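The values are calculated or read from the model by the stated rules, or taken from the named source; none is laboratory data. All figures in this text were calculated on a predicted structure; none of them were measured in a lab. When we count neighbours, we look across all protein chains shown, and the Cβ atoms used for this are built from the backbone with ideal geometry, even at glycine.
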């Protein structure tokens, strides 16, 4: 069995995530595909995640790819969280996410929708969004009009208000290819159909989604392809790690590893898997300084956490064991601090809290990263080294 060290795996992941050095060629879709999606609950963080990986890119370029070129789509991705995905890969994601077995509906009796109601809502969304961009209120009126008053019952507690019943099916609708986010209308979010470039087919007959339920329980082509993408970017990995990243049952993920014919390797004394034959690692040790934003894919998908967040990093940069809630300072492939940026007009105040002293060379690289953050966010950055007082993002 091939043996791989943490240093080798770190160097491999940095290279494949375009974090060893930004790409000078290729497209944003290529980079986002290698990331297996960019977390976009905080849109400025998604823009920074992508632009850091491509030489000369700015947030305006990311927005253009998303809203004008439509080479990227914003939708509900792994774990039901908002992500930017390549439009060309949307069929793979839909095929995977719509097949994940549904484990548990946390809504109590009287609030949760039946499988039949969920199917009805998803198909209503598919029809009413065809060729249209609708705000959430416009979409709600259209869905209730197409399904019935029961869908509009205000039964879901949300942010000191109540949402209509049908909204518990929004992630399932995205996972079945019925909706993606549309271009903002002023400050309002809109929803629309997937772009033509994605060519997402409707799920096959017999689907009974229940807020994410599967069309069947067997892993098939799309899921195998997604697993290979994941292993290429974040392997070696285990079925448990993949299941946690995707938001899928562990037994289902284990069967998927078998279907993908993944190859076992020894990773720091433990068995993990890579795409068969893909065991190479760079000869150079992991190196470089990077400022990664909230929920960057490198730290969210990277495992084991005790190696990525070694020593004091675990206590300072994880939130109850969860990665991504803090923007992190990455030094030589490992988390070595946290940071925060605050904008005031054109000025961007960047505070970096280091967990260990930086060499002169690493400090120079940090200065370069701060400059790059300013370029991406189209502002003038100012660096302060010191404690970060801002808590974790929810």
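Considering only residues that are out of contact with any strand residue (DSSP E or B) (no Cβ under 8 Å at 6 or more places or on another chain) and assigned to a loop (DSSP other than H, G, I, E, B), look in the range 26-56 and name the one that is surrounded by the fewest Cβ atoms within 10 Å (Cβ to Cβ). Once the filter is applied, the top-ranked residue is 56. Scanning the range 272-284 for residues that are touching a residue at least 40 places away in the same chain (Cβ under 8 Å) and loosely packed, with under 14 Cβ neighbours inside 10 Å turns up at least one hit. Scanning the range 294-317 for residues that are within 19 Å of the chain's Cα centre (by Cα), farther than 22 Å from residue 235 by Cβ and surrounded by fewer than 24 Cβ atoms within 10 Å (Cβ to Cβ) yields one hit, 294. Selection over the range 150-184 of residues that are part of a helix (DSSP H, G or I) and in contact (Cβ under 8 Å) with a residue 40 or more places away in the chain gives a count of 10.
Residue 226 meets all of the listed conditions (1) surrounded by fewer than 22 Cβ atoms within 10 Å (Cβ to Cβ); (2) touching a residue at least 60 places away in the same chain (Cβ under 8 Å); (3) touching a helix residue (DSSP H, G or I) at 6+ places or on another chain (Cβ under 9 Å) but one, namely (1). What tally of residues in the range 90-128 results from selecting those that are out of contact with any helix residue (DSSP H, G or I) (no Cβ under 6 Å at 6 or more places or on another chain) and either modelled with pLDDT of 95 or more or outside any loop (DSSP other than H, G, I, E, B) (or both)? Going through the range 90-128 one residue at a time, the tally reaches 10. Would you be able to say whether some residue in the range 138-145 is surrounded by fewer than 16 Cβ atoms within 10 Å (Cβ to Cβ) and either modelled with pLDDT of 95 or more or within 30 Å of residue 324 (Cα to Cα) (or both)? Yes, some residue in the range 138-145 is surrounded by fewer than 16 Cβ atoms within 10 Å (Cβ to Cβ) and either modelled with pLDDT of 95 or more or within 30 Å of residue 324 (Cα to Cα) (or both). How many residues does the range 244-267 hold that are touching a strand residue (DSSP E or B) at 6+ places or on another chain (Cβ under 9 Å) and buried (at least 16 other Cβ atoms within 10 Å of the Cβ)? Total meeting the criteria: 7.
Determine, yes or no, whether residue 265 is over 21 Å from residue 365 (Cβ atoms) and either in a loop (DSSP other than H, G, I, E, B) or over 19 Å from the mean Cα position of the chain (by Cα) (or both). Yes: the conditions hold for residue 265.
To keep it simple, each residue is scored yes or no on (1) closer than 17 Å to residue 237 by Cβ; (2) at pLDDT 95 or above; (3) outside the structural domain of residue 296 (by TED's automatic domain parsing).
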site: 12; (1), (2), (3): yes, yes, yes
site: 22; (1), (2), (3): no, yes, yes
site: 28; (1), (2), (3): no, yes, yes
site: 32; (1), (2), (3): no, yes, yes
site: 35; (1), (2), (3): yes, yes, yes
site: 41; (1), (2), (3): no, no, yes
site: 51; (1), (2), (3): no, yes, yes
site: 64; (1), (2), (3): no, yes, yes
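Among the residues making up the range 195-240, those that are modelled with pLDDT of 95 or more and part of a loop (DSSP other than H, G, I, E, B) are 235, 236, 238.
Does residue 378 satisfy being at pLDDT 95 or above, at positive phi and within 28 Å of the chain's Cα centre (by Cα)? When the stated conditions are applied, residue 378 passes them. Per the listing 316, 356, 303, 362, the residue uniquely more than 25 Å from residue 56 (Cα to Cα), in contact (Cβ under 8 Å) with a residue 12 or more places away in the chain and in a helix (DSSP H, G or I) is 316.
The selection criterion, being more than 14 Å from residue 233 (Cβ to Cβ) and either in contact with a strand residue (DSSP E or B) (Cβ under 6 Å, 6 or more places away or on another chain) or crowded, with 24+ Cβ neighbours inside 10 Å (or both), does not hold for residue 8. The residues listed here are 64, 59; of these, the one that is free of Cβ contacts under 8 Å to residues at least 12 places away in the same chain, surrounded by fewer than 22 Cβ atoms within 10 Å (Cβ to Cβ) and farther than 26 Å from residue 243 by Cβ is 64. For the range 345-364, the count of residues that are within 23 Å of residue 42 (Cα to Cα), within 22 Å of the chain's Cα centre (by Cα) and either outside the structural domain of residue 19 (by TED's automatic domain parsing) or surrounded by 19 or more Cβ atoms within 10 Å (Cβ to Cβ) (or both) is zero.
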